[in-house]
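**Q** Please find one structure pasted underneath; my questions will follow.
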Amino acid sequence: MLEITDLVHSYGSHRVLDGVSIRAAEGELVCVVGPSGCGKSTLLRSVAGLIRPTGGRVLIGGQPVDRIPDNLAVVFQDYSRSLYPWMTAANNVALPLRRRGLDRRRRREAATAALDQVGLADAADKYPWEMSGGMQQRVSIARALAYRPSLLLMDEPFGSVDAQTREDLEDLVLRVCAHHGMTTLLITHDIDESVYVGDRVVVLTRSPARVAADLPVGLGDSRDQIATRQLDAFVRLRAEVGRLVRGGSSTSTVLEKH
Amino acid sequence: MNVIRAVGRLWLVPVTLVVWEVATRAAEQPFFPPPSATLARMGEMWLSGPPAHLLLTEQAMDDFGPSLARLFAGWALAAVLGVAAGIAIGCSPRLSGYLDPLIHLGRAVPPPLLVPFFLALLKLSTPAQLTTIVFGIIWPILLNTIDGTRTVDRQHLETARIFGFSTAQRLTRVIVPAAMPKIFAGLRLALSLALILLIIAEILAGSGGLGYRLLTAQRTYLYTDMWGCLVVLGLLGYLLNSAFLLMERRVLAWHRNARQTT
């Protein structure tokens with residue numbers, strides 16, 4: 001579904017991505033985790049077609065990304081700058097659907113349905129500034145869902161909300177991605193989150209970014225905020241990812257707390 | 001509480017009026033009629049007509065009608081031209097590269113100086129007056145629109161790109177609403193400038209209207225009439241600004257609220 005091959009990108013003489021290759025199968029949720037400033041966002045922007053990478057190739061469903069693909073949606077970290085404050089939640093969700101050739105009534109229906117899925121059925125006529133950060137991010141997710149993309153990109157989607165909201169949103173994303181069978185690339189700096197949400201975790205090295213490891217999570221489909229995080233497999237994998245993010249090798253046996 | 005606060009702010013107005021009344025009565029200068037005399041004269045000139053005309057006299061129609069028509073026509077014309085050109089220039093770096101020097105040159109020319117030129121060019125006084133107003137007030141609208149269009153949040157634009165908005169959608173749903181707060185600031189500034197330029201244009205190229213009335217009153221030593229014109233112009237400016245703020249508050253409710261919460 002998604003094939004990123006030898007992606008290289010430099011800003012001037014500063015190399016940010018140094019040959020990154022990631023694959024995601026249909027319906028898979030791949031988390032990309034790496035230290036802050038390692039080029040995660042540049043990776044996402046290249047996949048989205050927002051920037052043209054210096055080298056390498058991105059294929060989505062076999063098609064090379066040479067401009068912004070029409071089957072792709074993005075959830076940004078900064079919801080307050082991604083939603084349009086002059087529109088209600090429903091209109092924010094419905095606006096992109098014009099491209100899908102839906103008439104006004106059908107757009108409205110699709111928007112209401114998507115808002116319902118993220119638990120905001122009552123907030124359709126609210127403006128973003130009337131909502132909490134978590135609610136705004138839900139609207140952002142609803143907008144992506146209603147658009148029915150085959151690839152969903154999320155750039156630190158839970159980076160700006162409090163811990164409780166973050167857990168709710170993680171479960172929401174797991175639920176809706178599984179429900180729609182959407183291929184998802186989720187970028188995060190949070191090690192714990194990458195293991196909890198991902199089917200696979202790709203760890204990037206410090207800038208310039210290369211793939212340090214590509215680890216299957218193997219925790220099964222149903223996850224629980226408390227129980228899953230207590231599993232031995234979860235704890236081991238989290239430690240492993242933690243070591244890799246800090247620049248260690250995956251064979252290291254030193255346990256680090258974080 | 002609000003009433004008390006409003007009274008607290010407004011007390012200076014009657015106090016000023018009383019002091020002025022006392023001072024002008026004591027001075028007995030023909031150039032400075034007491035405010036009571038000015039108000040009485042204003043009522044006589046403009047508000048002593050038949051009830052069917054809302055008490056407005058014929059002179060009121062002659063003075064206010066043409067002036068207000070010119071004011072609003074000039075402002076509306078400048079708004080349409082300024083916003084349209086501003087969006088085009090703001091969206092196109094090439095266009096702005098060509099036009100920026102011209103804009104700053106044009107802005108620097110004092111518009112009253114151009115009245116004789118516009119008169120020579122356009123002969124009739126009304127087109128010349130309108131041109132003066134438009135030329136004088138378009139700059140804040142144009143510059144604010146350019147600025148507003150250029151400074152749309154990058155992520156707002158990227159979201160539009162990701163979801164494949166058409167050019168029309170991007171313009172009407174993203175760029176224009178995002179630039180609206182700055183456009184409105186320009187429009188408000190232009191409205192107060194329009195009143196100033198209206199009077200200048202009517203004094204310099206006049207045939208009827210408040211500016212012309214002001215000029216003839218001064219030339220025929222009717223100082224109370226002249227003061228009446230000054231007072232009514234002040235009131236007009238105040239009312240226009242208040243009405244505009246009321247409209248702005250409705251149209252830009254999202255902007256005010258969004259800024260309060262973030």
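**Q** Does B:ARG213 fit the bill of being charged (D, E, K, R) and surrounded by fewer than 18 Cβ atoms within 10 Å (Cβ to Cβ)?
**A** The answer is no for B:ARG213.
**Q** Please pick out the residue among B:PHE64, B:PHE72 that is under 19 Å from B:TYR238 (Cα atoms), modelled with pLDDT of 90 or more and surrounded by 13 or more Cβ atoms within 10 Å (Cβ to Cβ).
**A** B:PHE72
**Q** For A:TYR147, state whether it is modelled with pLDDT of 90 or more, aromatic (Phe, Trp, Tyr) and more than 21 Å from A:ALA25 (Cα to Cα).
**A** When the stated conditions are applied, A:TYR147 does not pass them.
**Q** Need the failing condition index for A:SER207 against (1) more than 21 Å from A:ALA94 (Cβ to Cβ); (2) assigned to a helix (DSSP H, G or I), just the number.
**A** (2)
**Q** Another question, if that's okay. What helices (runs of 4 or more DSSP H) lie completely within the range B:149-262 and have 1 or more residues being within 11 Å of chain A (Cβ to nearest Cβ)?
**A** Result: B:154-162, B:176-204, B:223-251, B:253-261.
**Q** Return yes or no: is A:ARG67 at the interface with chain B (Cβ under 10 Å from one of its Cβ atoms) and among the basic types (Lys, Arg)?
**A** Answer is yes for this residue.
**Q** B:LEU124 versus (1) open to solvent by 40 Å² or more (accessible area, probe 1.4 Å); (2) farther than 21 Å from B:ALA73 by Cα: which is the lone unmet condition?
**A** Here B:LEU124 meets the rest and fails (2).
**Q** Evaluate the range B:31-41: report whether one residue or more is over 18 Å from B:TRP227 (Cα atoms) and either among the basic types (Lys, Arg) or surrounded by fewer than 17 Cβ atoms within 10 Å (Cβ to Cβ) (or both).
**A** no
**Q** Then there is this: Kindly indicate the residue of the range A:33-62 that is charged (D, E, K, R) and touching a residue at least 40 places away in the same chain (Cβ under 8 Å) and also farthest from A:ALA73 (Cα to Cα) among those meeting that condition.
**A** Only one residue tops the list, namely A:ARG57.
**Q** Which of the residues that make up the range A:104-134 are in contact (Cβ under 8 Å) with a residue 40 or more places away in the chain, closer than 14 Å to A:PRO85 by Cα and open to solvent by 50 Å² or more (accessible area, probe 1.4 Å)?
**A** Within the range A:104-134, just A:TYR127 meets the criteria.
**Q** Could I ask something else about it? Restricting to the range A:70-79, name every residue that is within 9 Å of chain B (Cβ to nearest Cβ) and touching a residue at least 60 places away in the same chain (Cβ under 8 Å).
**A** A:LEU72, A:ALA73, A:VAL74, A:PHE76, A:ASP78
**Q** Out of all the residues in the range B:225-245, which are more than 13 Å from B:LEU39 (Cα to Cα) and either without any contact (Cβ under 8 Å) to a residue 24 or more places away in the chain or not small (Gly, Ala, Ser) (or both)?
**A** Answer for the range B:225-245, where residues must be more than 13 Å from B:LEU39 (Cα to Cα) and either without any contact (Cβ under 8 Å) to a residue 24 or more places away in the chain or not small (Gly, Ala, Ser) (or both): B:LEU233, B:GLY234, B:LEU236, B:TYR238, B:LEU239, B:LEU240, B:ASN241, B:SER242, B:ALA243, B:PHE244, B:LEU245.
**Q** Looking at A:ILE4 and the list (1) surrounded by fewer than 18 Cβ atoms within 10 Å (Cβ to Cβ); (2) touching a residue at least 40 places away in the same chain (Cβ under 8 Å), which single condition is not satisfied?
**A** Exception for A:ILE4: condition (1).
**Q** A further question follows. Among what's in the range A:19-32 and is touching a residue at least 40 places away in the same chain (Cβ under 8 Å) and surrounded by fewer than 18 Cβ atoms within 10 Å (Cβ to Cβ), pick the residue that is farthest from A:LEU219 (Cα to Cα).
**A** A:GLY19
**Q** Just to check your reading of the model, which residue among B:TYR221, B:TYR238 is open to solvent by 60 Å² or more (accessible area, probe 1.4 Å), more than 29 Å from B:LEU157 (Cα to Cα), modelled with pLDDT of 90 or more and not β-branched (Val, Ile, Thr)?
**A** Of B:TYR221, B:TYR238, the one residue that is open to solvent by 60 Å² or more (accessible area, probe 1.4 Å), more than 29 Å from B:LEU157 (Cα to Cα), modelled with pLDDT of 90 or more and not β-branched (Val, Ile, Thr) is B:TYR238.
**Q** Would you confirm, using the coordinates I've provided, whether A:VAL93 is at pLDDT 90 or above and farther than 15 Å from A:LEU185 by Cα?
**A** Criteria met by A:VAL93.
**Q** Go through the range A:84-133 and count every residue that is within 8 Å of chain B (Cβ to nearest Cβ) and in contact with a His (Cβ under 9 Å, 6 or more places away or on another chain).
**A** Qualifying residue count for the region: 3.
**Q** Name the one entry in A:ASP190, A:ASP214, A:ASP155 that is acidic (Asp, Glu) and open to solvent by 50 Å² or more (accessible area, probe 1.4 Å).
**A** Checking each option against the conditions leaves just A:ASP214.
**Q** Could you check B:ILE87 against (1) within 30 Å of B:ASP153 (Cβ to Cβ); (2) without any contact (Cβ under 8 Å) to a residue 12 or more places away in the chain; (3) surrounded by 14 or more Cβ atoms within 10 Å (Cβ to Cβ); (4) not polar (S, T, N, Q) and say which number it fails?
**A** The one condition B:ILE87 does not meet is (2).
The values are calculated or read from the model by the stated rules, or taken from the named source; none is laboratory data. Just so we're clear, the structure is a prediction, and the values are computed from it rather than from any experiment. So basically every Cβ, Gly included, is an ideal-geometry build from the backbone, and we count neighbours across all protein chains shown. Surface accessibility is based on the protein's heavy atoms, side chains included, excluding ligands, DNA and RNA. Shrake-Rupley method; radii C 1.70, N 1.55, O 1.52, S 1.80 Å.
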